[in-house]
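Data first, discussion second: the structure below is written as structure tokens.
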């Protein structure tokens, strides 16, 4: 979404009221269902040397072979491509096609993985039940990523409690669903870095209980794994980019906690909603606001920087996706209250250590005092994010104080 600007800062009261009413009339939104097929899968073959894998094979396995060796499937789906970051998950089901077995009904469990793992270029031959030599980046019985990263426990690290269980008998389609699967997927959506997928565990007591499932690489698309997710998106989704002067080296920013808020466009500019999240190395944050469709000022707060407002109110829509970039020009901020760094990037002023909306001698005194006492750690007087209060922090504060830097807002 492009940034939306408005020439008239003070919107007519009746227009704002109409937008609020439209949002209020849209409290109930239809559910959306998506079938996600882009996934990664592999088999952990019981092997004391950790040499076997099948990252690109057509099948993965669970249970125990006739030779009394364990097989554990692992699978994870890419969610962010098909589901909005602010969505609320209402239903989840996993469908797999079981294509080969010599055993009868067996319970097969999904358990949430506790560590990330890989599926590289290994591709077992024949029926693939014995695996093949692992390639770099493959998961094995011992490795998360062959050959340098390891599980804490041989055979994989996963939750002790299953998220879902279904009985698998003869050849055919099987489905797993439960409230725990909904919680798993919601958690991964909220925190994509924690999405390690599920372990698929069969009967690990009895020899000959193994089951073979078709993988993402299987030739017939209808037999491949499908994760079906139903969700609603009844909030405002906002992506902001904002760089903190002291934490930005000209290329990347030290990630830190930022608060993004929405405020009314009409005096006294009341607070509407806010969310605090950790930024990435480019100052980006995805926020989800429980607020009605309408126009709002966007406000950025950081623990030792100047509160900064968007140039104008921005029209945002429930169920939509909006973007605002504070880094592209000084005019992105109200009062052009940004500082240019490294020619191309505009940053939020640093140095408001005591958060009184002005950088002055009081902030400088706080930094100087902590610097004299060699203070370290996550402290507000660390203005450049290097975890220590020193002369470098004092320099930033002194410079901005001499330029009378302060909050500018409607």
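The values are calculated or read from the model by the stated rules, or taken from the named source; none is laboratory data. Just so it is clear, the structure is predicted and the values come from calculations on it, not from any experiment. No Cβ is skipped: glycine too gets one built from the backbone with ideal geometry, and neighbour counts run over all protein chains shown.
Answer with yes or no whether residue 182 is buried (at least 17 other Cβ atoms within 10 Å of the Cβ) and more than 17 Å from residue 41 (Cα to Cα).
Details: buried (at least 17 other Cβ atoms within 10 Å of the Cβ): yes; more than 17 Å from residue 41 (Cα to Cα): yes.
Yes, satisfied.
From 118, 170, which residue is touching a residue at least 12 places away in the same chain (Cβ under 8 Å), out of contact with any helix residue (DSSP H, G or I) (no Cβ under 8 Å at 6 or more places or on another chain), over 17 Å from residue 59 (Cβ atoms) and not in a helix (DSSP H, G or I)?
Numbers: 170 fails: over 17 Å from residue 59 (Cβ atoms).
So the residue among 118, 170 that is touching a residue at least 12 places away in the same chain (Cβ under 8 Å), out of contact with any helix residue (DSSP H, G or I) (no Cβ under 8 Å at 6 or more places or on another chain), over 17 Å from residue 59 (Cβ atoms) and not in a helix (DSSP H, G or I) is 118.
Go through (1) assigned to a loop (DSSP other than H, G, I, E, B); (2) more than 22 Å from residue 282 (Cβ to Cβ); (3) free of Cβ contacts under 8 Å to residues at least 60 places away in the same chain and name the single condition residue 401 misses.
(1)
Quick one: residue 250 ticks every box in (1) part of a loop (DSSP other than H, G, I, E, B); (2) on the phi < 0 side of the Ramachandran plot bar one, so which box is it?
The one condition residue 250 does not meet is (2).
Would it be correct to say that residue 276 is part of a strand (DSSP E or B), buried (at least 16 other Cβ atoms within 10 Å of the Cβ) and at pLDDT 95 or above? Can you show your working first?
Values: part of a strand (DSSP E or B): yes; buried (at least 16 other Cβ atoms within 10 Å of the Cβ): no; at pLDDT 95 or above: yes.
Considered against the rule, which asks whether it is part of a strand (DSSP E or B), buried (at least 16 other Cβ atoms within 10 Å of the Cβ) and at pLDDT 95 or above, residue 276 comes out as no.
Strands (runs of 3 or more DSSP E) wholly in segment 45-109 with at least 1 residues that are crowded, with 22+ Cβ neighbours inside 10 Å, assigned by TED's automatic domain parsing to the domain that holds residue 222 and touching a helix residue (DSSP H, G or I) at 6+ places or on another chain (Cβ under 8 Å) - which ones?
Values: elements: 59-64, 70-77, 88-101.
It comes to 88-101.
Name the pairs whose Cβ atoms lie under 8 Å apart, with the first residue in segment 185-199 and touching a residue at least 60 places away in the same chain (Cβ under 8 Å), the second assigned to a helix (DSSP H, G or I), and 6 or more positions between them or separate chains?
Within 8 Å, the pairs are 188/194; 195/188; 198/184.
Have a look at 152, 193 and point out the one that is modelled with pLDDT of 95 or more and surrounded by fewer than 16 Cβ atoms within 10 Å (Cβ to Cβ). Even if it seems obvious, please write down each step before you answer.
Details: 193 fails: modelled with pLDDT of 95 or more.
Only one candidate passes the filter, namely 152.
Taking residue 223 as the residue in question, decide whether it is in the same structural domain as residue 106 (by TED's automatic domain parsing), under 22 Å from residue 103 (Cβ atoms) and modelled with pLDDT of 95 or more. Give the steps one after another, and end with the answer.
Details: in the same structural domain as residue 106 (by TED's automatic domain parsing): yes; under 22 Å from residue 103 (Cβ atoms): yes; modelled with pLDDT of 95 or more: yes.
For residue 223, the condition - in the same structural domain as residue 106 (by TED's automatic domain parsing), under 22 Å from residue 103 (Cβ atoms) and modelled with pLDDT of 95 or more - is met.
Taking residue 222 as the residue in question, decide whether it is farther than 30 Å from residue 272 by Cβ, surrounded by fewer than 21 Cβ atoms within 10 Å (Cβ to Cβ) and under 21 Å from the mean Cα position of the chain (by Cα).
Values: farther than 30 Å from residue 272 by Cβ: yes; surrounded by fewer than 21 Cβ atoms within 10 Å (Cβ to Cβ): yes; under 21 Å from the mean Cα position of the chain (by Cα): no.
So residue 222 does not fit the description; no.
Go through segment 1-44 and report how many residues are in a helix (DSSP H, G or I) and at pLDDT 95 or above. Break it down stepwise before answering.
Step one: list which residues in segment 1-44 are in a helix (DSSP H, G or I), which gives 13-24.
Next cut, at pLDDT 95 or above only: none.
The qualifying residues number 0.
Please enumerate the residues belonging to segment 240-270 that are crowded, with 23+ Cβ neighbours inside 10 Å and over 23 Å from residue 382 (Cβ atoms). Break it down stepwise before answering.
So in segment 240-270, the residues crowded, with 23+ Cβ neighbours inside 10 Å come out as 242-248, 253, 258, 260, 262, 265.
Matches in segment 240-270: 262, 265.
Restricting the search to segment 137-149, which residues are in a strand (DSSP E or B) and buried (at least 17 other Cβ atoms within 10 Å of the Cβ)? So that I can check it myself, show each step before the final result.
So the first thing to find is which residues in segment 137-149 are in a strand (DSSP E or B), and the list is 143-145, 149.
Result: 143, 144, 145.
Only one of 179, 164, 125 is free of Cβ contacts under 8 Å to residues at least 40 places away in the same chain and closer than 23 Å to residue 224 by Cα; which?
Numbers: 179 fails: closer than 23 Å to residue 224 by Cα; 164 fails: free of Cβ contacts under 8 Å to residues at least 40 places away in the same chain.
Being free of Cβ contacts under 8 Å to residues at least 40 places away in the same chain and closer than 23 Å to residue 224 by Cα holds for just one of 179, 164, 125, which is 125.
Only one of (1) farther than 19 Å from residue 90 by Cβ; (2) not in a helix (DSSP H, G or I) is not met by residue 193, so which one is it?
With respect to (1) farther than 19 Å from residue 90 by Cβ; (2) not in a helix (DSSP H, G or I), residue 193 is out only on (2).
May I ask you to say which residue of 350, 331, 365, 295 is at pLDDT 95 or above, within 30 Å of the chain's Cα centre (by Cα) and farther than 21 Å from residue 248 by Cβ?
Working: 350 fails: farther than 21 Å from residue 248 by Cβ; 331 fails: farther than 21 Å from residue 248 by Cβ; 365 fails: within 30 Å of the chain's Cα centre (by Cα).
295 is the lone residue from the list that is at pLDDT 95 or above, within 30 Å of the chain's Cα centre (by Cα) and farther than 21 Å from residue 248 by Cβ.
From the list 287, 267, pick out the single residue that is within 17 Å of the chain's Cα centre (by Cα) and either free of Cβ contacts under 8 Å to residues at least 60 places away in the same chain or closer than 20 Å to residue 409 by Cβ (or both).
On the way: 267 fails: within 17 Å of the chain's Cα centre (by Cα).
It is 287.
Quick one: residue 283 ticks every box in (1) crowded, with 20+ Cβ neighbours inside 10 Å; (2) on the phi < 0 side of the Ramachandran plot bar one, so which box is it?
All conditions are met except number (2).
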